[in-house]
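Before any comments, here is the structure.
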Amino acid sequence: MRITIRGTVQGVGFRPAVYRSATSLGIHGRVWNDGPDVVIDADGGEALLRDLMENLPPLARIASVEKEPSLADYDDFRIAGSEAGRKGVGIPTDTAICPRCLEDMLSGRRRGYAFTSCTDCGPRFTLLSGLPYDRPSTAMADFPMCPDCAKEYSDPSDRRFHHQTVCCPACGPSYRLLDGDGGAVPGEPVDVFAGMIASGCIGVAKSWGGMHICCAPESTRRMRRWYRREQKPFALMVRDITAVQTYGRPTEEEREQLESGHRPIVLVDKVPGEVTEALSPGLDNIGVFLPYTGMQHLLFRSGRFDALVMTSANVPGEPMITDDRDVLELGADCYLLHDQRIINRADDSVLRVIDGRTSFIRKSRGHIPSYLEVPFAGSAVGIGAQENLTASVAAGGRMYSTQHIGNGESPGVAEYLEEATRSLMAMTGCQPSAVAMDLHPGYINRGFGRALSEEWGCDLVEVQHHWAHAASLLLENSAEEAVVLSLDGTGYGPDGNAWGGEVLRSDLASYDRVAHLQYIPLLGSDRALHDIRRLKFAVDCMNGTENRDFDDSSAAVLRKLMGKSVMTSSMGRLLDTLAYALGVCDRRTYDGEPAMKMEPLLARGENVDGFGTYTERGQIMTAHLFERIDGGCRREDAAYSVVRAVIDEMVESARVAAESEGIRRLGITGGVSYNRPICRMFSESAKRTGLELIFHKSIPNGDGGISVGQAAVALKMIG
């Protein structure tokens with residue numbers, strides 16, 4: 001029998017598992033990698049399959065098994081050489097070092113060796129240059145095995161049997177420590193680095209898929225000044241799940257995510273204190289994660305700290321640094337670097353759990369590559385929008401997304417997007433019949449979209465931003481159509497205005513704008529995105545209310561802009577205006593800051609009378625709500641009441657549209673849907689409609705999911 005097994009079956013010790021099952025049963029044949037698949041010729045196929053399924057490697061995931069007759073005849077069982085085969089991604093994600101490898105690091109020839117791994121754990125995607133997954137196609141091609149490692153690799157009883165990245169101190173990568181000027185620092189690199197960090201230094205540590213800037217928690221304020229990030233939250237890597245309790249209060253579901261082999265950053269309720277407030281100023285949550293590499297465990301084994309501040313190492317606006325030659329320009333105090341190439345960048349994944357659902361804020365290291373089954377056989381590519389960029393590639397009935405790329409204003413990010421997209425296309429065998437991109441004429445990645453469509457001689461499709469959000473939600477939930485609240489900061493609308501508070505009747509072929517938030521002028525365009533006083537000034541002008549935030553000269557200029565500025569219907573901008581009006585935030589220093597700082601107020605607020613709203617010619621009116629804010633109620637109650645009134649009215653507009661069109665589903669998407677109180681408002685209000693509610697679970701709610709929606713629309717278009 002010839003057996004073809006598809007799924008995550010490479011880089012997980014799958015062929016060794018097949019070999020062990022076959023030899024234990026006395027079965028003759030061969031097993032080999034064929035592209036992303038594993039193929040077996042065996043004279044006792046059914047018995048082999050039964051035993052194999054009972055003894056699958058921990059990281060293996062079976063998608064399908066195909067069987068057919070085979071005329072091959074063998075007198076033993078062997079692992080044969082790999083073949084190129086068909087295209088498709090079938091490798092596991094990078095997976096946290098396993099307990100047995102941590103034990104190996106305590107004694108023996110791998111004592112204290114940071115690159116210890118086995119078939120059950122370690123880096124995969126970040127080291128991979130192509131398929132099939134064999135050592136020559138990884139960064140470990142630079143490190144020939146020593147006799148001891150070769151013996152393990154060849155021993156069927158060893159858990160490193162055919163482990164492609166097997167290595168030890170005698171033959172594998174190694175760390176070195178540099179000072180701020182690039183000079184070598186003597187001593188054991190990881191231990192000396194730990195001592196320098198504990199003494200107050202800011203360091204850079206090279207890991208899987210990239211580098212982290214790190215410091216002791218007590219040095220957070222110094223790091224903010226040095227890195228010029230006054231308010232943006234920093235994540236905290238914590239020694240173990242017990243130590244997490246010092247800084248945050250994870251739920252059982254959040255704890256499961258923290259301890260999973262994916263090791264994402266998880267947003268949890270924070271324990272109030274000076275250290276945690278310095279880490280996430282003005283927020284009720286904090287991002288925490290657990291060590292996932294041998295080096296990180298060695299840092300904590302030094303006993304000098306129970307937590308480290310960790311953030312991606314990059315020049316502001318540029319992709320995370322992976323090349324040792326570039327890292328010294330950061331100007332840190334010390335650098336812990338290694339000589340293993342990083343082939344694929346991968347920032348840490350970030351998620352939060354909302355009412356039992358996983359919401360990915362950033363889907364990257366530990367969760368990429370992954371795919372979604374789609375009901376289309378064609379091939380298409382979506383290249384995302386501008387913020388939180390990813391690309392998505394559809395081929396062979398599956399949708400794959402790249403790792404998190406970054407924000408697309410810089411040429412470096414645009415180059416990284418192209419590199420990651422082309423790499424994923426090559427691994428999946430995608431030959432696109434359509435390339436999809438955002439409508440916004442100013443987005444820098446549109447040049448790549450045009451070039452890619454010309455290269456393949458295929459259609460170039462422009463997909464409106466909020467329709468792409470809705471399409472990603474539909475695809476993830478296998479829904480043909482729905483009415484969707486698409487809520488975020490901004491997205492270019494066909495009318496030339498900045499959308500972002502939309503009720504859309506959506507399927508993958510078309511959308512209708514059922515209702516939207518009242519347009520507010522963006523006085524000074526992009527300047528209003530950062531100086532949020534301008535938003536409040538515009539609202540006050542709309543209400544005929546006095547505004548004292550600007551001197552007479554500035555106010556006169558702003559009034560002249562009222563009828564000339566781009567208009568926005570954005571829910572994000574409404575939250576920004578509310579944050580300023582309630583004294584929560586007076587300037588946006590990072591993406592989403594005012595809205596994020598509104599969340600603690602919304603979580604504590606209650607609904608009070610007097611904040612009703614209404615819809616007029618398709619616009620859900622919002623400006624008048626600000627006249628009630630100084631009416632004597634608590635800030636948190638005013639915040640809650642304004643937002644609840646808006647959400648209730650949007651849901652009502654959605655209900656009417658759904659009933660008139662015979663649509664059964666109602667959903668929410670966009671960056672604002674990461675806000676837990678707003679999600680709960682939506683759920684409470686929407687449950688009364690009797691419609692089926694749909695949410696994101698595996699595709700990012702925010703702009704990281706835009707490329708999925710774009711590719712889905714393109715697939716539908718090409719049929």
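Laboratory data are not the source of any read-out in this text; all were calculated from the coordinates shown. Worth saying up front: this structure is predicted, and the values here are computed from it rather than measured. Don't worry about glycine lacking a Cβ; one is built from the backbone with ideal geometry, like all the others, and counts go over all protein chains shown.
Summary of values
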quantity	calculated
From phi via Karplus (6.51, -1.76, 1.60), per-residue ³J(HN,Hα) for region 248-254 in Hz, x at Gly/Pro	x, 10, x, 6, 4, 5, 5
For region 329-336, Karplus couplings with θ = phi - 60° (6.51, -1.76, 1.60), whole Hz, Gly/Pro x	5, 5, x, 7, 7, 7, 9, 9
Peptides ranked, highest mean first, by Cβ atoms within 10 Å: ranges 174-185, 275-286, 12-23, 224-235	12-23, 275-286, 224-235, 174-185
Ala426 paired with Asp75, simple spin-label distance in nm, labels 7 Å along Cα-to-beta-carbon	4.2
Ratio of Rg to Rh over region 420-575 (Cα coordinates, Kirkwood Rh, two decimals)	1.08
Cα-based radius of gyration of region 407-506 once divided by 2.2 N^0.38 Å, which approximates compact folds	1.18
Value of [θ]222 nm, deg cm²/dmol, for the chain, DSSP H segments ≥ 4, -39500 (n - 2.57) each, nearest 500	-9500 deg cm²/dmol
Per-selection metrics, region 107-221 (Cα): Rg and Dmax in Å	16.7, 52
Computed log₁₀ I(q)/I(0) - Debye formula, equal Cα scatterers, no solvent, region 1-83, q 0.17 Å⁻¹	-0.57
Low-density loop cleavage sites - chymotrypsin sites (Phe, Trp or Tyr not before Pro) in region 569-616, where at most 13 other Cβ are within 10 Å (DSSP)	Tyr590, Tyr614
Loop trypsin sites (Lys or Arg not before Pro), region 560-618, which have at most 11 other Cβ atoms in a 10 Å radius of their Cβ (DSSP)	Lys564, Arg617
Projected label distance in nm at Ala243 and Glu606, using a 7 Å step from Cα toward the beta-carbon	4.2
Percent of alpha-carbon pairs separated by more than 30 Å within region 481-694	19
Calculated from backbone phi, Karplus (6.51, -1.76, 1.60) coupling profile of region 364-372 in Hz, x at Gly/Pro	8, 3, x, 10, 10, x, 8, 9, 10
Over region 640-719 - Rg/Rh using Cα atoms and the Kirkwood inverse-distance radius	1.02
Sequence of Glu599, Glu454 once ranked by neighbouring C-beta atoms within 10 Å, starting from the fewest	Glu454, Glu599
Relative contact order computed over region 481-694 (Cα-Cα under 8 Å; 6+ residues apart), in percent	26
Neighbour cut-off at most 16 other Cβ (10 Å), DSSP loop, GluC sites (Glu not before Pro), region 359-448	Glu409
Helix axis angle, 552-561 relative to the chain longest principal axis, alpha carbon, degrees	70
Positive-end extreme of charge dipole, the chain - chosen from Ala278, Cys430, Gly7 (charges on Cβ)	Ala278
Cα-only radius of gyration and Dmax that characterise region 485-537, units Å	12.8, 40
Cα-based Lys pair tally, the chain, threshold under 26 Å, eight or more apart or on separate chains	22
Reference-scaled alpha-carbon Rg (2.2 N^0.38 Å with N residues) for region 578-719	1.17
Distance histogram in 10 Å bins (all Cα pairs of region 35-189, percent per bin)	9, 32, 33, 18, 6, 2, 0
Largest-first principal axis extents of the Cα set of region 506-604 (Å)	50, 35, 24
Region 55-122: equivalent-ellipsoid semi-axes (sqrt of 5 x gyration tensor eigenvalues, Cα, Å)	33, 17, 12
Positive-end residue, region 25-161 charge dipole about Cα centroid, Cβ charges, pick of Ala42, Ile79, Pro144	Pro144
Extended-chain gain in nm, criterion 0.36 nm per residue less alpha-carbon gap, Arg548 and Asn407	47.3 nm
Amide hydrogen neighbours beyond the local backbone of Arg78, cut-off 5 Å, H modeled	Gly29, Arg30, Val31
Region 85-146, Cα convex hull volume normalised per residue, Å³	94
Relative contact order (percent, whole number), the chain, Cα cutoff 8 Å, 6+ residue spacing	12
Zone residues, region 607-646, relative to Arg688, backbone N less than 17 Å from point 7 Å out along Cα-to-Cβ	607-615, 640-646
Pairwise label distance in nanometres, Leu106 with Asp512, each label 7 Å out on the Cα-Cβ vector	6.6
Reciprocal of mean inverse Cα separation for the chain (Kirkwood radius, Å)	27.1
For region 306-389, size of Cβ-based charge dipole, Lys and Arg +1, Asp and Glu -1, in debye	420
Equivalent-ellipsoid semi-axes of region 182-320, from the Cα gyration tensor, Å, largest first	23, 18, 15
Residue exposure sequence - Thr251, Thr669, Thr126, Thr615 - by fewest surrounding Cβ within 10 Å	Thr251, Thr615, Thr126, Thr669
